[in-house]
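Below: the structure, in structure tokens.
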Amino acid sequence: MKQIILSILLCMVLVASGKAQEVRLTKDNWLSHPEIVATRDVYKEIRASIDDKTLQHYQRTVAAMGEYVHLESAYVDSGFRVRLLNVSQTDEMGSYDAEIYYDTLNRLRFVYIKLVSYNNYNDHAEEIEYRIYYPIDPEPYRIPMWTVKSINGKRVEIGSEVDIADVVENLDLRNPYAEFHNDH
């Protein structure tokens with residue numbers, strides 16, 4: 001009888017500890033949520049590696065005509081894994097910059113997109129930023145977990161339902177190594 005009670009208590013502890021680790025992502029806890037923190041750690045590690053010059057940097061011009069320029073650059077680690085792919089397009093109407101961050105398992109973890117559109121009538125530029133977080137779990141890792149949208153520095157949308165279809169345009173489907181080494 002004593003062993004049955006101990007077994008039941010052990011099961012209760014295991015179940016409770018598993019549920020404690022499974023924290024739902026919400027607008028109230030997203031800044032401290034374990035998956036968001038883990039993604040930020042990947043971001044910080046890549047940025048520190050760039051600053052320390054431990055990643056190789058490659059850049060190429062995909063297209064250029066007049067004021068239109070399309071650039072791509074990649075930061076590659078010692079294992080020949082692309083850790084950051086940057087896609088940039090600029091013309092007289094504005095710019096589009098996407099920074100696509102990958103972990104050491106080549107999984108998409110974070111996308112930062114900055115759109116700047118110029119209004120020639122009143123010399124006003126509008127700046128829209130998207131921060132798109134992807135989960136650690138390898139199964140749904142191409143499905144965004146959380147998005148933060150800002151306009152001119154002010155957060156306007158936060159959550160898993162932010163519409164990003166127009167700005168992402170299959171960034172999550174890219175194969176960074178093959179794409180960067182493919183001559184278009």
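Scalar couplings 3J(HN,Hα) for the stretch 46-63, obtained by applying the Karplus form with A = 6.51, B = -1.76, C = 1.60 to θ = phi - 60°, are 5, 4, 5, 5, 5, 4, 7, 6, 8, 10, 6, 10, 10, 9, 8, 8, 7, 7 Hz; x denotes Gly and Pro. For the listed residue pairs LYS44/LYS149; LYS27/LYS154; LYS53/LYS149, the alpha carbons are over 27 angstrom apart in LYS53/LYS149.
With contacts taken as Cα pairs under 8 Å and at least 6 residues apart, the stretch 21-129 reaches a relative contact order of 15 percent. Using a simple spin-label model with pseudo-atoms 7 Å out from Cα toward Cβ, ASP97 and VAL156 lie 2.0 nm apart. Ranking of VAL148, VAL116, VAL82, VAL156 by neighbouring Cβ atoms within 10 Å, starting from the fewest: VAL156, VAL116, VAL148, VAL82. Take 66-75, 24-33 and order them by the average number of nearby Cβ atoms within 10 Å per residue, most first; the result is 66-75, 24-33. Between ARG81 and TYR118, the FRET efficiency estimated from the beta carbon spacing at R0 = 22 angstrom works out to 0.05.
For GLU126 and VAL37, the FRET efficiency from 1/(1 + (r/R0)^6), where r spans their Cβ atoms and R0 equals 45 Å, is about 0.90.
Where a number appears in this text, it was derived from the coordinates with a stated rule and is not lab data. Since this is a predicted model, take the numbers as computed values, not measurements. With ideal geometry, Cβ positions are generated from the backbone for all residues, glycine too; neighbour counts draw on all protein chains shown.
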